[in-house]
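The values are calculated or read from the model by the stated rules, or taken from the named source; none is laboratory data. Computed from a predicted model, the values in this text were never measured in an experiment. Neighbour counts run over all protein chains shown; Cβ positions are idealised from the backbone, glycine included. The accessibility values were calculated without ligands, DNA or RNA, using every heavy atom of the protein model including side chains. Shrake-Rupley method; radii C 1.70, N 1.55, O 1.52, S 1.80 Å.
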Amino acid sequence: MSLTTKQTPRGQVVVGDLPADFLRVPQSSSLSSQQQYNDEMTARMLQAQQVTYPAAGMGGGMHLPTNVKGRLSVSIAQAKLAKNYSITKMDPYCRIRIGHAVFETPTASSGGKTPRWNKTVQCYLPNGVTNAYIEIFDEKTFTGDDRVAWAYIDIPDVALNGGEVVDDWYKLSGKQGDGQEGMINLIFSFTPSDPMQVAQQPAVMPQVVMMPGAPGMYPAYQPTFQPGYPAMVQPAMVQQPVVQGQGGQVARPPPPRMSEDDLNQCKDMFPNIDMEVIKSVAESQRGNRDATINALLTMND
C-alpha cells in the first residue's frame, strides 16, 4: 500500500503502511552496541585471568609471569569535566586499559560534569608498560555511548620505584582540546614482585584480537600459548594422590571437571555474567567449583 495524503478535521495526515525500517536502530548503532558487549566480555575474561593468582607477589606463595614487574592498584575516584554533552545530566562511566588488561567502572547515573566512581582495579604490570589509557563515556540508551574525554596517563615513578601511594589529578583531552576537557582523580599504588616467585613454565595467557567492522577496539578474547608464563593454579590447593609416571616423573590426576548442572547453578547465582565467561573462569580454575564461585564473586563486585 502506497502512502496517500488525506484531509481530516484536524488537518492533513498521511495514510499508508509504515516503512520497513520504522523505529529500527541503524546498523552502525547496532555494531556499536555489539562492540560494547564484546568489550565487556573481554574485560571480564581478562579479569578472570587476574584473579587466578590473588596472592602472587604478596606473600601468598604463588608464581608470577616472568615479564611482570609487580601488581598495580588504581583507584578511579572522580572527575571534573568541562562540559555536559547532553540535554539532561550525562551518565558517565570510565574505562581504563593497562597493557592488555581492560576495566570499566559502574555508570555514575546523572553524574553530569562531576561523576564519582570510587572504583579500585588491580592488575599485573608487565615490564615496559609505564602508562594507562583512560576514556570517559556518556552511557546512552538508544544510541551508541558517546566518548567524552580521554588521556594517556604516565604511572608515577614514585609509585613504581618509591613505594608511595600517589593521589593526584590528571588532565583530560576531548572536544574542548588537548588537556582542556577537565581532570580525573586517580590513586596509584604498586607492589613489586618477589624474584623468588617468578615461574618458568609456559601457560595460556590472554590475547586481544581485532574484529572486522570495529577497528581500533578489543572485541574478542582468544587464548594463545606463550613461553615464560605460569600455568593456571587454583587458589585453594587440595592435596592430590601422587602417581608415578614414565621416566620416574611425578604425575597428578586432573581435578574433577564441573558438570553442566554446576555451570547452570553458577549461571543462576550470577545471572548478569555470560555463560561463556563462566565457562572460561571454570577452565582457568581447573574445574574447581568453589574457586570458580570465588572468582565470579570477585568479578561481580
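Quick rundown of the values:
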{"read-out": "Unmet requirement for residue 88, which otherwise passes all of (1) over 14 Å from residue 149 (Cα atoms); (2) in a strand (DSSP E or B); (3) not acidic (Asp, Glu)", "value": "(2)"}
{"read-out": "The range 97-127, residues that are on the phi > 0 side of the Ramachandran plot and touching a strand residue (DSSP E or B) at 6+ places or on another chain (Cβ under 7 Å)", "value": "99, 118"}
{"read-out": "Residue within the range 172-194 that is basic (Lys, Arg), part of a strand (DSSP E or B) and out of contact with any Pro (no Cβ under 6 Å at 6 or more places or on another chain) present", "value": "no"}
{"read-out": "Residue match in the range 28-36 (condition: open to solvent by 100 Å² or more (accessible area, probe 1.4 Å) and at pLDDT below 70)", "value": "no"}
{"read-out": "Contacts under 7 angstrom Cβ, first residue in the range 73-90 being over 15 Å from residue 109 (Cα atoms), partner basic (Lys, Arg) and crowded, with 17+ Cβ neighbours inside 10 Å, 6 or more apart", "value": "76/119"}
{"read-out": "Filtered residue count, the range 131-148, keeping only those that are surrounded by 15 or more Cβ atoms within 10 Å (Cβ to Cβ), not acidic (Asp, Glu) and not in a strand (DSSP E or B)", "value": "2"}
{"read-out": "Matching residues in the range 91-121 - criterion: being more than 23 Å from residue 38 (Cα to Cα) and surrounded by 20 or more Cβ atoms within 10 Å (Cβ to Cβ)", "value": "111, 115"}
